[in-house]
Amino acid sequence: MALIKIAFVIPTLDQSGAERQLALLAAGLPRSEYEVRVIALDRGGAYAEVLGKAGIQVDILSKRFRLDPLTLFRLRRVLQEFRPDIVQSFLFAANSYVRFPGVVPRKTRIVVSERCVDSWKGQWQLTLDRWLAGRTDALTVNSESVGDFYRQVGVPANLVTVIPNAVVPQPLLYSRDEARAQLGIDPSHRVVGFIGRLAPQKRLRDLIWSFQLLHQIVENARLILIGEGPDRYDLERLTENFGCRSKVIFAGHRADAAALVKALDVFVLPSEFEGMSNSLMEAMSEAIACIVSDIPANLELVSHEQTGWTFPIGDCPALTRQLVQVLSDLDTAGKVGKNASTKIRESHDLQTMIDRHRALYDRLLQ
């Protein structure tokens with residue numbers, strides 16, 4: 001029986017959420033049934049090495065600007081040579097490139113993947129999404145809230161398939177104290193943290209505002225932000241203006257970020273929009289107490305006082321009160337954290353994510 005050929009297309013293979021899910025899926029499809037190839041439009045990255053070790057060919061097309069005719073030509077050439085049964089793309093640029101007329105071979109099914117409630121998109125991007133829906137066989141999303149967003153902007157509901165993100169248990173790289181030592185944190189500190197991109201939609205100003213109040217109530221409190229992004233400089237200045245800079249650690253990008261979550265007493269995600277946060281899921285899987293803004297994507301993962309805690313988006317005093325409550329009762333925090341870990345283990349395992357994609361591929365090829 002002939003192998004099913006699948007080409008995955010994504011802008012980069014950097015160490016980020018969509019790239020991680022692509023790598024898990026591509027490496028997890030059984031080689032007895034699938035031949036897999038991965039194409040990065042812009043550049044490689046951490047996951048290019050992961051995929052290479054899994055025996056998967058990776059093509060880097062070196063895109064130079066937003067609409068690059070040379071990259072379109074290179075993408076068409078690779079796909080015409082490989083002749084996949086299915087092309088699955090991730091994120092706006094790749095989703096647009098694969099649906100450009102003439103790029104994908106005629107009989108190839110096209111699956112595009114959106115990973116976030118993309119409220120950042122302007123009218124031209126949304127118009128392009130609606131127009132390209134006619135060249136789409138399926139749209140996968142990682143949460144119901146992302147699916148609702150794309151249905152509301154005009155993508156036909158019959159194209160949308162919800163396949164939640166998967167979390168893979170992390171190897172025991174560090175104990176709690178070792179993770180803290182990596183970050184320069186004392187074992188006695190009460191540690192609040194965030195892992196992800198330091199970008200406006202994460203609303204990290206709200207977290208710093210809340211921490212400014214918290215550290216005056218909880219004397220040994222510390223805040224750690226792991227990640228890089230365009231807001232870093234402004235966030236550092238904000239901590240200086242608040243007089244709490246010495247109690248805030250900007251750890252920058254860390255390849256071991258998933259293992260460092262063990263250093264935290266509380267993980268906070270104050271975002272104004274998400275798809276399904278990989279960092280939140282990883283914190284939950286490690287039984288870390290999680291406090292999140294009450295946006296729909298977060299509420300699909302966190303039930304208040306059952307698998308975490310929620311607060312009204314942008315309500316900094318409410319976030320502070322929640323932090324004080326959790327840090328004052330770590331026994332309850334531990335119990336809620338264990339509930340969260342059970343939820344992630346039962347509902348977001350890797351094999352379930354792979355099986356749902358395989359069922360989609362089978363349906364499209366029939």
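The values are calculated or read from the model by the stated rules, or taken from the named source; none is laboratory data. Bear in mind that the values here come from a model prediction, so they are computed numbers and not experimental data. With ideal geometry, Cβ positions are generated from the backbone for all residues, glycine too; neighbour counts draw on all protein chains shown.
When you check V50 against the structure, is it part of a helix (DSSP H, G or I), surrounded by fewer than 19 Cβ atoms within 10 Å (Cβ to Cβ), outside the structural domain of G275 (by TED's automatic domain parsing) and not small (G, A, S), yes or no?
In short, no.
Provide a single number: the residues in the range 239-287 that are in contact (Cβ under 8 Å) with a residue 60 or more places away in the chain and among the polar types (S, T, N, Q). Can you show your working first?
Keep residues of the range 239-287 that are in contact (Cβ under 8 Å) with a residue 60 or more places away in the chain, which gives 249, 251, 253, 255-279, 281-286.
Checking the rest, the ones that are also among the polar types (S, T, N, Q) come to 271, 277-279, 285.
Here the count works out to 5.
Read through the list (1) touching a Lys or Arg at 6+ places or on another chain (Cβ under 6 Å); (2) buried (at least 16 other Cβ atoms within 10 Å of the Cβ), then give the number of the only condition that N165 fails.
Single failed check for N165: (1).
Out of all the residues in the range 188-206, is one or more aliphatic (A, V, I, L, M) and surrounded by fewer than 16 Cβ atoms within 10 Å (Cβ to Cβ)?
If we filter the range 188-206 for residues that are aliphatic (A, V, I, L, M), which is where we start, we get 191-192, 195, 198-199, 204.
Then drop every residue that is not surrounded by fewer than 16 Cβ atoms within 10 Å (Cβ to Cβ), which leaves none.
No: the range 188-206 contains no residue that is aliphatic (A, V, I, L, M) and surrounded by fewer than 16 Cβ atoms within 10 Å (Cβ to Cβ).
Those residues that are among the basic types (K, R) and either more than 20 Å from R190 (Cα to Cα) or assigned by TED's automatic domain parsing to the domain that holds Q15 (or both), I need them from the range 225-245; list them, please.
Taking the range 225-245 and keeping what is among the basic types (K, R), we get 232, 237, 245.
Hits for the range 225-245 are R232, R237.
May I ask you to verify whether V160 is more than 18 Å from the chain's Cα centre (by Cα), in the same structural domain as V266 (by TED's automatic domain parsing), modelled with pLDDT of 95 or more and not acidic (D, E)?
When the stated conditions are applied, V160 does not pass them.
In the list F250, F273, which residue meets the criterion of being surrounded by fewer than 24 Cβ atoms within 10 Å (Cβ to Cβ), under 23 Å from E114 (Cα atoms) and not acidic (D, E)?
Numbers: F250 fails: under 23 Å from E114 (Cα atoms).
Matching residue, one of F250, F273: F273.
Has the range 258-266 got at least one residue that is in the same structural domain as L183 (by TED's automatic domain parsing), surrounded by fewer than 18 Cβ atoms within 10 Å (Cβ to Cβ) and closer than 23 Å to Q182 by Cβ? Outline the logic, then answer.
So in the range 258-266, the residues in the same structural domain as L183 (by TED's automatic domain parsing) come out as 258-266.
Okay, now just the ones that are also surrounded by fewer than 18 Cβ atoms within 10 Å (Cβ to Cβ), so none.
No: zero hits.
Please indicate, with yes or no, whether at least one residue in the range 19-41 is surrounded by fewer than 19 Cβ atoms within 10 Å (Cβ to Cβ), part of a strand (DSSP E or B) and not aromatic (F, W, Y).
So far as the range 19-41 goes, yes, one or more of its residues are surrounded by fewer than 19 Cβ atoms within 10 Å (Cβ to Cβ), part of a strand (DSSP E or B) and not aromatic (F, W, Y).
Which one of these does R115 not meet: (1) out of contact with any helix residue (DSSP H, G or I) (no Cβ under 6 Å at 6 or more places or on another chain); (2) under 21 Å from I163 (Cα atoms)?
The one condition R115 does not meet is (1).
Taking the conditions exactly as written (at positive phi and of a type in the set (G, A, S)), does A297 satisfy them or not?
Working: at positive phi: no; of a type in the set (G, A, S): yes.
So A297 fails the test.
Say whether the condition of being in a loop (DSSP other than H, G, I, E, B), touching a strand residue (DSSP E or B) at 6+ places or on another chain (Cβ under 9 Å) and buried (at least 24 other Cβ atoms within 10 Å of the Cβ) is met by at least one residue in the range 289-300.
Within the range 289-300, none of the residues are in a loop (DSSP other than H, G, I, E, B), touching a strand residue (DSSP E or B) at 6+ places or on another chain (Cβ under 9 Å) and buried (at least 24 other Cβ atoms within 10 Å of the Cβ).
What number of residues within the range 109-130 are surrounded by fewer than 20 Cβ atoms within 10 Å (Cβ to Cβ) and under 30 Å from A2 (Cβ atoms)?
We begin by selecting, within the range 109-130, every residue surrounded by fewer than 20 Cβ atoms within 10 Å (Cβ to Cβ); these are 109, 118-128, 130.
The next check asks that each one be under 30 Å from A2 (Cβ atoms); those that pass are 109.
Residues in the range 109-130 being surrounded by fewer than 20 Cβ atoms within 10 Å (Cβ to Cβ) and under 30 Å from A2 (Cβ atoms): 1 in total.
Output yes when any residue across the range 193-208 is at pLDDT below 95 and more than 21 Å from the chain's Cα centre (by Cα), and no when none is.
no
Looking at (1) surrounded by fewer than 16 Cβ atoms within 10 Å (Cβ to Cβ); (2) among the hydroxyl-bearing types (S, T, Y); (3) not in a loop (DSSP other than H, G, I, E, B), which is the one condition that is false for S210?
Status for S210: all satisfied but (1).
List the number of the failed condition for E282; all other conditions in (1) in contact with a Phe, Trp or Tyr (Cβ under 7 Å, 6 or more places away or on another chain); (2) surrounded by 20 or more Cβ atoms within 10 Å (Cβ to Cβ) hold.
Single failed check for E282: (1).
Of the numbered conditions (1) closer than 25 Å to A181 by Cβ; (2) of a type in the set (D, E, K, R); (3) under 16 Å from the mean Cα position of the chain (by Cα), E272 satisfies every one except a single condition; which is it?
Only one criterion in (1) closer than 25 Å to A181 by Cβ; (2) of a type in the set (D, E, K, R); (3) under 16 Å from the mean Cα position of the chain (by Cα) is unmet by E272, namely (1).
If you scan the range 246-266, which residues turn out to be in contact with an Asp or Glu (Cβ under 7 Å, 6 or more places away or on another chain) and either part of a loop (DSSP other than H, G, I, E, B) or over 15 Å from R190 (Cα atoms) (or both)? It would help to see each step written out before you state the result.
Our first condition is that a residue be in contact with an Asp or Glu (Cβ under 7 Å, 6 or more places away or on another chain); within the range 246-266, this holds for 250, 252-253, 258, 261-262.
Selection gives F250, G252, H253, A258.
Where the second residue is surrounded by fewer than 18 Cβ atoms within 10 Å (Cβ to Cβ) and the first is within 14 Å of Y150 (Cβ to Cβ) and lies in the range 115-131, which pairs have Cβ atoms under 6 Å and are six or more apart or on separate chains?
If the second residue must be surrounded by fewer than 18 Cβ atoms within 10 Å (Cβ to Cβ), the pairs left are L126/V153; R130/G154.
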